[in-house]
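The values are calculated or read from the model by the stated rules, or taken from the named source; none is laboratory data. Computed from a prediction, not measured in an experiment: that's the story for all the values here. Here the Cβ is made from the backbone with ideal geometry for all residues, glycine too, and neighbour counts use every protein chain on show. Heavy atoms of the whole protein, side chains included, go into the accessibility calculation; ligands, DNA and RNA do not. Shrake-Rupley method; radii C 1.70, N 1.55, O 1.52, S 1.80 Å.
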Amino acid sequence: MAIDLISGVTPETSPKSPPPAEPPGRMRTWFARVLRHRWLYLMLLPGLAYFAVFRYWPMYGLTIAFKDYVPFLGYSGSPWVGLVHFEELFTGPDFGRLMINTGILALLTLVFVFPAPIVVALLLNELRLNVVKRSVQSLIYIPHFLSWTIVASLTYLLFSADFGVLATFIHDLVGGRQTDYVAQAEWFRPIIILQSLWKHTGWGTIIYLAALAGVDTQLYEAARVDGAGRWRQFWHITLPGIRPAIVVMAILTSGHLLDTGFEQIWLMTTSLNRSTADVFDTFVYYIGVTQGSFSYATAVGLFKGVVGLVLILGSNWLAKRLGQRGLF
């Protein structure tokens, strides 16, 4: 009989290794696992209740987009009309104007407002004096906490023809007829973009500065040893380091391209620039609240939400096709 020279035990009598123990989580029932982590689930309940009550339950009101809603009859009592309101939207005289105005503002936001926090974060990252860096950060964060009412009031104080400080300065410098920038249709979009840049750029740098803080500093040291200059370090280390954050923010921004902001647009709208200022957000308020066409306004809002969902899904698909991780 063959004997194992190391252990001294014959193969026939060598002890068999016990079967691997089953993970204890598999032997527990679902209720036992929930009971074990009951405090975590209890902490989750307020968040779930918030989304259920304030986010998902109001979606039941979207059904009036397919009804001839009468407030006295309620949601369930109002008669169904199908896609009549959507046909009225797409074939009406307002759709083309609203789509052009909203699309141009969305394009300008994508071109100027979205890259601004990235550029500012990269510039702040190059500052070596922490005192200067923190002071600049604090100053550019302040506009985010101001309401659009204050921003609009400051805009009128600066660009109004009657008492605008900058408008008067430009008139004294250039001469000619004084221009009322806040009332002219051709100046509406530049003012909106300038307001968005001033209010959102500083706050948007927080995410990109956090992404820059996660870049390994040893990569820069190795690049300097290899003879790479500042531009090469920026192009091959800094940008790839914040690329995931840029992709995620681009996907999230794409879903809000048609959300031009009701407060900002409404506060800057006058009778002289209404042809340029009318967008989907203000049109929903004007039709739904002031004229009482609740079903038609809901159809317009639902169309805008569906377009936003399609843009998020499309941008996420495109990001994955380009080799990025995407949002989901």
Look through Val284, Val306 and report the one residue that is free of Cβ contacts under 8 Å to residues at least 24 places away in the same chain, out of contact with any Phe, Trp or Tyr (no Cβ under 9 Å at 6 or more places or on another chain) and under 19 Å from Gly96 (Cα atoms).
Val306
Among the charged types (D, E, K, R), open to solvent by 70 Å² or more (accessible area, probe 1.4 Å) and free of Cβ contacts under 8 Å to residues at least 40 places away in the same chain, is that true of Arg224?
yes
Can you tell which of Phe112, Phe66, Phe72, Phe90 is at pLDDT below 90 and open to solvent by 50 Å² or more (accessible area, probe 1.4 Å)?
Phe72
Looking only at the stretch 287-310, decide whether some residue is over 22 Å from Thr63 (Cβ atoms), modelled with pLDDT of 90 or more and in a helix (DSSP H, G or I).
no
Whether any residue in the stretch 178-193 is closer than 19 Å to Leu123 by Cα, free of Cβ contacts under 8 Å to residues at least 40 places away in the same chain and surrounded by 15 or more Cβ atoms within 10 Å (Cβ to Cβ) is what I want to check.
no
Those residues that are closer than 28 Å to Val119 by Cα and among the aliphatic types (A, V, I, L, M), I need them from the stretch 145-169; list them, please.
Leu146, Ile150, Val151, Ala152, Leu154, Leu158, Leu166
Which residues, counting only those in the stretch 286-328, are open to solvent by less than 50 Å² (accessible area, probe 1.4 Å) and either touching a strand residue (DSSP E or B) at 6+ places or on another chain (Cβ under 8 Å) or among the hydroxyl-bearing types (Ser, Thr, Tyr) (or both)?
Ser293, Ser295, Tyr296, Thr298, Ser315
Only residues in the stretch 115-133 that are without any contact (Cβ under 8 Å) to a residue 12 or more places away in the chain count as the first member; pair them with residues that are open to solvent by 80 Å² or more (accessible area, probe 1.4 Å) and part of a helix (DSSP H, G or I), Cβ under 9 angstrom, at least 6 apart or cross-chain, and list the lot.
Glu126/Arg230
Would you point out the residue of the stretch 29-68, among those that are farther than 26 Å from Gly288 by Cα and not in a helix (DSSP H, G or I), that is farthest from the chain's Cα centre (by Cα)?
Thr29
Count, please, the residues in the stretch 149-165 that happen to be among the hydrophobic types (A, V, I, L, M, F, W, C), more than 14 Å from Leu194 (Cα to Cα) and in a helix (DSSP H, G or I).
3
Give me the pairs: first residue in the stretch 241-259 and among the acidic types (Asp, Glu), second residue assigned to a helix (DSSP H, G or I), beta-carbon distance under 8 Å, and six or more apart or on different chains, which are they?
Asp259/Asp281; Asp259/Lys304; Asp259/Gly308
Can you tell which of Gly82, Gly96 is outside any helix (DSSP H, G or I) and either open to solvent by less than 80 Å² (accessible area, probe 1.4 Å) or among the aliphatic types (A, V, I, L, M) (or both)?
Gly82
